[in-house]
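In what follows, a structure is listed as structure tokens, so that the remarks can point back to it.
The values are calculated or read from the model by the stated rules, or taken from the named source; none is laboratory data. Note that the structure is predicted; figures quoted are calculated from it, not measured. Cβ sites come from the backbone with ideal geometry, for glycine too, and all protein chains shown count toward neighbours.
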Amino acid sequence: MSLHGGARRVLAGAVAGTMLLATFVLGPLPVGSIAPADAATTCGPPDVALVNAGFEQPTIPAGKYRTLAASAVPGWDTTDSKGMIEIWSSGFNGVPAAAGTQFAELNAFSASMLSQDVATTPGQVIHWSLMHRARSGTDVMAVEAGVPGTTLTELSRFGDNVADGWVERSGSYVVPAGQTQTRFGFEAISSGSGNPSQGNFLDAISFGTAPCVVATKTSTVVSGAPVVVGSTMEYTVLMNNQGGSSAQIAAMTDTLQPGLEYLPGSMSSAGLDGSHKYSDASGDDQAEYDSATNKITFRLGLGANATKGGSLPPGETVRFTFRATVTAAAASTNVTNSATVSYQDPIDGLTKQSVTDPVRDEVAAAADLEVLKSSPARAVAGQPITWAVSVTNKGPDLAEDVTLSELSHDGPVLDVKENGVDLDCPLQLDVNVCSLGSVLPGESRTLMVTTQLDSDTTAEAASNTAVVTSSTHEIDPSDNTSTATVPITTSADVAVTKTFTPANPLPGDEITYDLVVSNAGPSTARQVTLLDGIDPGTTVLEATIEGGDCAIRATSVLCSLESLAAGDARNASIRVVADPVLAEPLVQNSATVAAATPDPNPENNTASVSFNVPNTADLQLSKTAADATLTPGAETEYTLTLSNIGPAPAVNATVEEVPDPDLTILSMTGSDGAVCDTSSCYWSSIAPGENRTVTVAARLSSDTALSEIGNTASVSSPVPDPTPGNNVATVVLPIERSSDLVVSKQILASPVHPGDTVTSRITVTNNGPDVAIAPTVREANLWLRSPTVNTEAGRCVSAGPLAACRIPTLAVGASWVIDVESTLAPDYAEESVSNTVAVDTRDDPNPDNNVATASAAVDSIADLSIVKSSELAEAQVGAHNDYTITVRNNGPDAALSVAVMDLAGDGVAVRTGRSAVGNYATTSLTWFVGTLPAGASKTLVLGSTLEMPGTLSNTAMVTSASADPNLADNRSTASTVVSGPPVPPPVPPTPPYTPPLVNTGSGGNAAPLVAFVALAVGLGLLSRRRRLGRAEPTPNFAGCTSRIRAGLQRRDQRIVSAPT
């Protein structure tokens, strides 16, 4: 580092804590004026000295305090009650020093005054300043002066609050006449805490002469000598107050001259308030840079801020540093810089300036060379590329010893020309170096550089770099290199030619195709392929190509080369054999060459040859069957006759059977060495005019559902057939079958009850011998309602009482089960139900077993009741009396075979019976009602004669074939009181004797009811006979119908025995 310039005089060691010197100022200048600044500032020695004005002696440990005897503190005396002075080190209790590292507290053990005696000159104006800070609340102190040993005169009294921190206080004192020794005192007046031993911090006392700031400036080349355009200069300004009082509102300005450009963010300072870095903006810190005026401003000293300079105490030094860049305007000149420090003298109020000696640095010559390279729109591999290079000197000085270095990345440099004249550009370490001599400022020179692009390059782009250099300093090296890039395209004109031998090939001949693949350039052809489409009438034997590989594929040959250089050619050969018989007479062969490299001339990329070999054969096929009809499961034979009508042999002739799925081919046997399996026969060749036969054994499926069976055969050959319509033959045979279906039916539960769901099961069985085709079951449920049909096979429908089901087929021995669910009508009044089902199918040899009937007894329950009334309550013997009998069915079912028996008592002669329902038997006194629906009632009127006096009774009893759950209401009696003599009855004829009823049921007991009926009838007859004096006939029950008997037989187990 070299120093440039400096002050004429520099005071060393002037820092806080050393002795402060005061200078007499004789006669003030006008307030507000500016004292003129010299080229450099010098200061005289101060005449008044104040010892240890910053309390920096003795040294107190950092962050501590000490209470010392006055004799231990240089320069100071105290009025403290214990004669002690309290010194604090910066940071103790969080209080920093105002300047330096130490300060005093006036309130030691009491509110005291610190003082010093100094020699003075009468009439002398002495400026004083100090830094005051409160410890708690507001502390008040006073500055006093006077003759030692006398009462001092108070010069100033002031109070500061702890929130204000350190506050600078200052003033002036004029030494009275005759006063050559003056005592200056600093007295604690009051403490904000109220504690006399705490308060009033004091620091940085300045007593003496006016301030005198000396500024010096140096420069250093950051990047090292010499100074050139673009060099970074670092400027340092040292500002030292060599006067006896603080310089107020201190600020430094530095205006950069042309040729210097401020380096943003480079301002910093170091000094009494530490080290700082500053932004360039104004209003945010103590320094700023104004780009409009190229001016730097720095506000220094204690209390300095973004708008106002601070105070620089005596002996303090501040260093300010910034950097600037040398611009092209300074080339071949000197750059000069100086700084000015302005400040206010607190004694006379004038603003003064200190100007540094200018620093001057010599800047070397410089030139700004620029090189620009351009390329054509495109480049083709294998062809030259011409690049344009422009060299320009943008000044400001002459560029000497200019050289242009050409670096070609893709192929050598062929030549370099300037204005059509070749330049000598020898190759040096793979770089062509061209000497251009000197280039004037503002001059441009254009060169044309031609390079050769390699035909085999695989790069996507070619690039070329030019570098310009000079012995003259380069201002901006960023534009001394230029690279141009041009996309590389490739172009390869590939071509193929083709010949074949022999000239007239015949079927079965071997044919050789000779091919030549070439590349006319200019680029290397890459991924070259040769595709030869092989005619389907030929078969490839071998394929080769020089320097490459060939693959034989199903319909083509593909040969490949990784690359084919420009101007190179390769031979290829493909050997094939013609088929003995061709599908088409015209044999064609084409070969096409292609490459991944673009081809500028695709017209020569294909070569073709062709020749004719006519060949056809007319095959004819016929077919016969050994049987006229077939039955399921039967075997049969078919005979096929194949003829070749010509004109050419039929090669690879094949006869194929295409039978119906229900017809299984068992074997195929062909003549003349045929190769056969169960579906085809094959002959390698059949000459024109020759015949072939095939015998086909087949079996019809036993479960076939067809009515006829067809069998088709066809013949084919690779040889074209001019009449393909005779290549197919078909025989269709009818199928005869026999399927004996048997149907059975049962009602699954018997007896049944009205309103019950009745399930009947239908079973259809195929007794064979053949599968039954589409058997259909039909059933009419006339006595049932809403039939529901369920079956695991087939399909069923129902409508009203009708139901029908059908299954596609029923195998031999198989059974088909159908369940039909229906509801028996709640008012069904028959003793049994029956149902008939029928099945039918085609080809059933035995229709007698196609119908089945099932029946079940009907079990009904009916609660019958009977009421009998007499027309006369009282009567005379011989009177006519009508008895009314009402029978009612209380359900829940219809009552079947209802009968009412009248048991006439003695003296009652029943003559007639009248009813609109049923039949009344006079002889047995029985009323046969028949079926009585649930909820219905019927009435019988009996006409009778009352034949004897007394209370005559007549009893009626009702019975039915249905079970009666309550027999207590099945009889009723009516009585009449009769007076007068009896009337003899007529004698009726004697009825024939009828044997008693016999119950032949299974396990039932009809004895009680039979006994009841017999007893009732017999007693009635006997009574009448006795009354009339007639003989007693044998009882006759011929009037009981078969329904009564049946009812007795079925229902006796559910009827409670009648009373005897």
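Given the criterion charged (D, E, K, R), surrounded by fewer than 20 Cβ atoms within 10 Å (Cβ to Cβ) and over 60 Å from the mean Cα position of the chain (by Cα), identify the matching residue among Arg299, Arg360.
Arg360
I need a count of the residues in the range 398-411 that are outside any strand (DSSP E or B) and at pLDDT 90 or above.
Result for the range 398-411: 1.
Just need a number here: residues in the range 374-415 that are touching an Asp or Glu at 6+ places or on another chain (Cβ under 9 Å) and of a type in the set (Lys, Arg).
Final tally of qualifying residues: 1.
Here's the yes/no breakdown for (1) surrounded by 14 or more Cβ atoms within 10 Å (Cβ to Cβ); (2) among the small types (Gly, Ala, Ser):
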{"residue": "Gly521", "(1), (2)": "yes, yes"}
{"residue": "Thr529", "(1), (2)": "yes, no"}
{"residue": "Gly533", "(1), (2)": "yes, yes"}
{"residue": "Gly537", "(1), (2)": "yes, yes"}
{"residue": "Gly547", "(1), (2)": "no, yes"}
{"residue": "Thr555", "(1), (2)": "no, no"}
{"residue": "Leu558", "(1), (2)": "yes, no"}
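Kindly evaluate Val335 against the criterion of being in a strand (DSSP E or B) and within 60 Å of the chain's Cα centre (by Cα).
Judged against the criteria, Val335 is not a match.
Say whether the condition of being in contact (Cβ under 8 Å) with a residue 60 or more places away in the chain and on the phi > 0 side of the Ramachandran plot is met by at least one residue in the range 391-405.
yes
Consider only pairs whose beta carbons are under 7 Å apart and that are at least six residues apart or on different chains; among these, list those whose first residue lies in the range 827-841 and is of a type in the set (A, V, I, L, M, F, W, C) and whose second residue is assigned to a loop (DSSP other than H, G, I, E, B).
The qualifying pairs are Ala829/Ala894; Val833/Trp783; Ala838/Asn850; Val839/Pro775; Val839/Asn850.
Would you mind stating whether Ser90 is touching a strand residue (DSSP E or B) at 6+ places or on another chain (Cβ under 8 Å), within 17 Å of Gly165 (Cβ to Cβ) and free of Cβ contacts under 8 Å to residues at least 60 places away in the same chain?
In short, yes.
Quick check, is Val812 out of contact with any helix residue (DSSP H, G or I) (no Cβ under 9 Å at 6 or more places or on another chain) and either within 20 Å of Leu946 (Cα to Cα) or assigned by TED's automatic domain parsing to the domain that holds Gly918 (or both)?
It is false that Val812 is out of contact with any helix residue (DSSP H, G or I) (no Cβ under 9 Å at 6 or more places or on another chain) and either within 20 Å of Leu946 (Cα to Cα) or assigned by TED's automatic domain parsing to the domain that holds Gly918 (or both).
Cβ contacts < 9 Å: first residue within 14 Å of Thr451 (Cα to Cα), restricted to the range 413-438; second residue of a type in the set (D, E, K, R) and buried (at least 16 other Cβ atoms within 10 Å of the Cβ), any location; separation 6+ or different chain. Result?
Val413/Glu406; Val416/Glu406; Cys425/Glu406; Val431/Glu406; Asn432/Glu406
Being within 26 Å of Asp893 (Cα to Cα) and either exposed (fewer than 14 other Cβ atoms within 10 Å of the Cβ) or not assigned by TED's automatic domain parsing to the domain that holds Met957 (or both) is the filter here, so list the residues in the range 920-936 that pass it.
Gly935
Among the listed residues Val833, Val839, identify the single one that is assigned to a strand (DSSP E or B) and modelled with pLDDT of 85 or more.
Only one candidate qualifies: Val839.
Give the number of residues within the range 853-890 that are buried (at least 16 other Cβ atoms within 10 Å of the Cβ) and touching a Gly at 6+ places or on another chain (Cβ under 7 Å).
Summing the residues that are buried (at least 16 other Cβ atoms within 10 Å of the Cβ) and touching a Gly at 6+ places or on another chain (Cβ under 7 Å) in the range 853-890 gives 4.
Which members of the range 622-648 meet the condition of being of a type in the set (Val, Ile, Thr) and either crowded, with 19+ Cβ neighbours inside 10 Å or farther than 30 Å from Ala687 by Cα (or both)?
Thr629, Thr631, Thr636
Got a sec? Which of Asn589, Asn571 is assigned by TED's automatic domain parsing to the domain that holds Glu510, at pLDDT 95 or above and more than 52 Å from the chain's Cα centre (by Cα)?
Asn571
Which of the residues belonging to the range 412-428 are closer than 21 Å to Ala462 by Cβ and not charged (D, E, K, R)?
Pro412, Val413, Leu414, Val416, Cys425, Leu427
I'd like the full set of residues that are aliphatic (A, V, I, L, M), in contact (Cβ under 8 Å) with a residue 60 or more places away in the chain and assigned to a strand (DSSP E or B), limited to the range 909-929.
Selection gives Ala909, Ala921.
Would you mind finding the one in Val468, Val439, Val449, Val431 that is within 24 Å of Ala329 (Cα to Cα), surrounded by 15 or more Cβ atoms within 10 Å (Cβ to Cβ) and within 58 Å of the chain's Cα centre (by Cα)?
After ruling out the rest, the residue left standing is Val468.
In the range 293-313, is there at least one residue being within 30 Å of Ala399 (Cβ to Cβ), assigned by TED's automatic domain parsing to the domain that holds Ser266 and not in a loop (DSSP other than H, G, I, E, B)?
no
Could you tell me whether the range 570-584 includes any residue that is part of a strand (DSSP E or B), at positive phi and loosely packed, with under 15 Cβ neighbours inside 10 Å?
no
One residue is enough: does the range 608-618 have a residue meeting the conditions in a strand (DSSP E or B) and under 30 Å from Val771 (Cβ atoms)?
no
Tell me which of these Thr723 doesn't satisfy, since it passes every other one: (1) farther than 30 Å from Asn835 by Cα; (2) crowded, with 17+ Cβ neighbours inside 10 Å; (3) at pLDDT 85 or above.
(2)
Could you grab me the full set of residues in the range 794-810 that are outside any strand (DSSP E or B) and loosely packed, with under 15 Cβ neighbours inside 10 Å?
The answer is Gly800, Pro808.
Please enumerate the residues belonging to the range 68-101 that are closer than 12 Å to Pro58 by Cβ, part of a strand (DSSP E or B) and not β-branched (Val, Ile, Thr).
Matches in the range 68-101: Leu68, Ala69, Ser89.
Conditions (1) surrounded by fewer than 18 Cβ atoms within 10 Å (Cβ to Cβ); (2) under 30 Å from Val228 (Cα atoms); (3) free of Cβ contacts under 8 Å to residues at least 12 places away in the same chain; (4) outside the structural domain of His409 (by TED's automatic domain parsing), marked per residue:
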position	(1), (2), (3), (4)
Ser455	no, no, no, no
Pro477	yes, yes, yes, no
Thr481	yes, yes, no, no
Phe500	no, no, no, yes
Val517	no, no, no, yes
